[in-house]
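Below is one structure, written out as structure tokens; the observations come after it.
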Amino acid sequence: MQQQGYPLEAVAAMAGGSLIGNPGNTMIVELLTDSRKLSSPDQTLFFAIVTSRDNGHKYIGELYKKGIRAFCISELPDRTLPDTVYIQVNNTLEALQKLAAAHRSAFIYPVIGITGSNGKTIVKEWLHQLLSPEKTIVRSPKSFNSQIGVPLSVWQMKGLHNLGLFEAGISQSGEMDNLEKIIRPTIGVFTNIGHAHDQYFSSKEEKTLEKLKLFRHSELLIYCSDHQQINECIEESGYSKSKLFSWGYRNNADLRITLKTVEKNGTIIHGIFHNKELSIEIPFTDDASVENAIHCWAVMLSFGYGPDVTASRMHRLTRVAMRLEMKEGINGCSVINDAYSSDPDSLAIALDFLMQQNQHNKRSVILSDMLQSSADEAALYHNIAALLSDKGVNRLIGIGPVISRNSRFFNMECSFYESTRAFITSFRSASFRNESILVKGARIFEFEKINDLLQQKSHETVLEVNLNALVHNLNYYRSLLQPGTKLMAMVKAFSYGSGSFEIANTLQFHRADYLAVAYADEGVELRKAGISLPVMVMNPEESGMEAMLQYNLEPEIYSFRTLQMLEKAVKSYKSDNDRLIPIHLKVDTGMHRLGFEPADIESLCVRIKATPGLTVQSVFSHLVGSDDPSLDEFTRHQIGMFVKMAEKLEKILGYKVLWHILNSAGISRFPEARFGMVRLGISLYGIAANEKEQKMLETVTSLKTNISQIKTIEAGETVGYNRAWQAPLTTTIATIPIGYADGLNRRLGNGKGKMLVNGHLVPVAGNICMDMTMLDITGIEATEGDEVTVFGEKLPISELAVAMDTIPYEILTGISRRVKRVYFQE
């Protein structure tokens, strides 16, 4: 497919359908199966997928109003819409798969297909990290590995790519045949075989053989020969030895693992390949990560990568986030929602995420029956009980008849209910207080009802925080740094409005080196929430000095007065006499806001050396305009001045310290000044200094609300206080529950601000009120309760900032605490 797509006539032929209507010159670039995710109606073909839960045909009218004119259908409409073209087929899902398979046949570059019970997404994403320096890769978005997700993923293949990475997941027999025809992998990776979807197969052997169908035409299959079931099924399937690449701890493996050494911050793995001893080190210690990493190692060996390149890249692997959602709960709780699957393997992953939450000492799990066939029910729940105990769970609430009759295995505080309804009937909110709660259950148990009970009730305006995007942005900037260069993440001002411990927990889990806050109380809050990373306090005040010492926070010292305040606190604070107190010295290189002058360095060092226990952790400065090319000469002057001051400071102190001067914009624009550490601020939250870099970042925050009421007013009538806005004609007004008390600036009133309603930009009508805002939605199809986007991925916050004549910083930090934060993680 060329960049402009396929003619609609060609698409119909590829999908095996008949055209109804005149296709004209219509080109199809995008495929749509979810009516809520429309982006380019002129070039989109909508597939009206029919499932047991929904029928896509009922959304055709809605999509027609949004601009789509091409539909793939299996049911003829009652009436033909004007200018509409239909591709009629017997089965729209099969047509989608046929189209993707035909598209796949246009490309001859290698494609790696990945299947298994667990680890597919991680292996895919790690292979992308490892191979992308040389390869232009197309890969499955997130976990698009289903009967619908796979064709949508493969449709993204283009001539500019030279490698494909696609996941394939199945839940029942017969599904892999369809996915194999679409992906047609030249290289296969079989990660493992576990318990997921056991209930839909007669045996584990049947499930393994079904997954193996993905590789029936592959030139090479990579797998772990220590998995007995996989090994036996491969032998049974008659694979040629020349098409197999095995790894394992046994002597007959192609890559034989000889030693695994787990250290504090990683794992060293030794192996023998082609009679040569090799080793890699990965920054992970858990068994799942080790297995996933060795799969990737085997792929790199099969591609011919040398040991040095392989080892270097494996050492820099970054963690891939999981698909979970966390919200603020009742009575100070944090609620983690994982109510979409229930099997032991995914439970272990969810429990790992629960363990990342350090804000509460108590951890509870609400768990449904495991919906899988099991010859030994007692053994299953005995293992689950051991897993919960190993993960430090304090309380279990079991829901379902099976887990209830196996209650004897759970030795922690626990209670059991036959059904979700029984739990809800006996629910008492006072039973949940100041704890982290994992809600984990199969969809059939309708645990969303439990989530509703546990979540903090608030008005309908929410700030959605995408933790996957945060991690992506963190890793993007980390990829620019040399090994050994540290990264300080700015979490001041409530993490630019995004949250406090929720953001810090994620950054800590993904190995940021430092956090920075504005004031001591912000740092104290992080410490109380279990954050153990070093924390720099940028605006230390005398009243907070002892708290910084008590909670091991590291003050920025920018003047002799702040140094004197610290000296005074050190003398009065009782602590271990041998304890070192790290400080961060700020020097002024041209901002002329805070910092020591060049003439101060010598006397400053004398004062520090005279104060027992003080040690300089870093010296830093602040650039005036690192994002402004017209100021580059001055920026380089600042950098040069900083180097001279830092060198002098180290010489007088007699020891090395960390240097850092680059902020978000400076990291990419001045690589020569990355020094020992960089400070990542606003760009961590998805806002770049220039358009080119913005394309590399993902949107972290989205402010959304819902329509409270819709009414029609006549021409000449006014809206809002002071009658500031008058309807020019008969007008439809939507009122939404967000106002200046939520952080929506009054400067956006009377048409200056715009919001997104059902894909359409609509202006603000009238003055913005304290708790309400009115929108002119004339001509837009909308109903009460519809979602409204204030800013987000499709309506960048930068556009809102332009309308307000300000910067995104002001908007983000101004979002009120009463706006509920909802955290998502894939």
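The values are calculated or read from the model by the stated rules, or taken from the named source; none is laboratory data. These numbers were taken from a predicted model, which means no experiment stands behind them. Heads up, the Cβs are rebuilt from the backbone with ideal geometry, glycines too, and the neighbour counts pull from every protein chain shown. Side chains are part of the model used for accessible areas, which takes the heavy atoms of the whole protein and leaves out ligands, DNA and RNA. Shrake-Rupley method; radii C 1.70, N 1.55, O 1.52, S 1.80 Å.
Considering only His510, Trp247, Met176, and ranking their Cα positions along the charge dipole of the chain that arises from unit charges at the beta-carbon of Lys, Arg, Asp and Glu, the one farthest toward the positive end is His510. Under the combined filter of DSSP loop state and at most 16 neighbouring Cβ atoms within 10 Å, the range 32-103 retains these GluC sites (Glu not before Pro): Glu75. Amide H to amide H, with H built 1.01 Å from N, Cys72 comes under 5 Å of Phe46, Phe47, Ala48, Ile87, counting only residues 5 or more places away or on other chains.
In this Cβ point-charge picture (+1 for Lys and Arg, -1 for Asp and Glu), the chain has a dipole of about 880 debye about its Cα centre.
So for each of 535-548, 624-637 I average, over its residues, the number of other beta carbons within 10 Å; can you give me the resulting order with the highest mean first? Walk me through the numbers on the way to the answer.
Working: 535-548: 20.1, 624-637: 15.1.
Output ranking for 535-548, 624-637: 535-548, 624-637.
When you filter the GluC sites (Glu not before Pro) in the range 390-435 for DSSP loop state and at most 14 other Cβ atoms inside 10 Å of their Cβ, you are left with Glu418.
Using only DSSP helix segments of four residues or longer, with each worth -39500 (n - 2.57), what per-residue ellipticity at 222 nm results for the chain after dividing by its residue count and rounding to 500?
Details: 27 runs with 255 residues, N = 826.
My calculation for the chain gives -9000 deg cm²/dmol from helical runs alone.
In terms of its alpha-carbon gyration tensor, the range 779-826 comes out oblate; a/c meets the 1.5 threshold, while b/c is at least as large as a/b.
Under 17 Å between alpha carbons, and skipping anything fewer than 8 positions from Lys98 in its own chain: which aspartates and glutamates qualify? In chain and number order, the partners are Glu9, Glu30, Glu175, Asp177, Glu180.
Taking a ≥ b ≥ c as the square roots of the eigenvalues of the Cα gyration tensor, the range 588-644 is classed as prolate, since a/c reaches at least 1.5 and a/b is larger than b/c. Looking at the chain, the DSSP beta bridges with both ends there are about 40 percent antiparallel.
Averaged per residue, what accessible surface does the chain expose to a 1.4 Å probe, in Å²? The partial results should precede the final answer.
On the way: 35890 Å² over 826 residues.
That works out to 43 Å² for each residue.
In percent, rounded to a whole number, the relative contact order of the range 213-347 is 14, using alpha-carbon pairs under 8 Å and six or more apart. Tell me whether the range 17-86 comes out rounded, prolate or oblate; compute the Cα gyration tensor, take square roots of the eigenvalues as a ≥ b ≥ c, and use a/c under 1.5 as the rounded threshold. Here the range 17-86 falls in the oblate category.
If you sort Tyr477, Tyr249, Tyr655 by accessible surface, 1.4 Å probe, largest first, the order is Tyr249, Tyr655, Tyr477. Here mean projected area of the Cα convex hull in nm² was computed from the coordinates, and among [x] 42.1; [y] 40.0; [z] 57.2 the match is [y]. Can you send over the carbon and sulfur percentage of the accessible area for the chain, probe radius 1.4 Å, protein chains only? That share works out to 48 percent.
Peptides 768-777, 274-283, 670-679: what's the order by average Cβ count within 10 Å, highest mean first? List each step's numbers first, then the result.
Values: 768-777: 20.8, 274-283: 14.1, 670-679: 18.7.
Descending packing order for the listed peptides: 768-777, 670-679, 274-283.
Pairs spanning more than 23 Å between alpha-carbon atoms, out of Lys58/Lys754; Lys586/Lys695; Lys124/Lys276; Lys586/Lys609; Lys158/Lys241: Lys58/Lys754; Lys586/Lys695; Lys124/Lys276; Lys158/Lys241.
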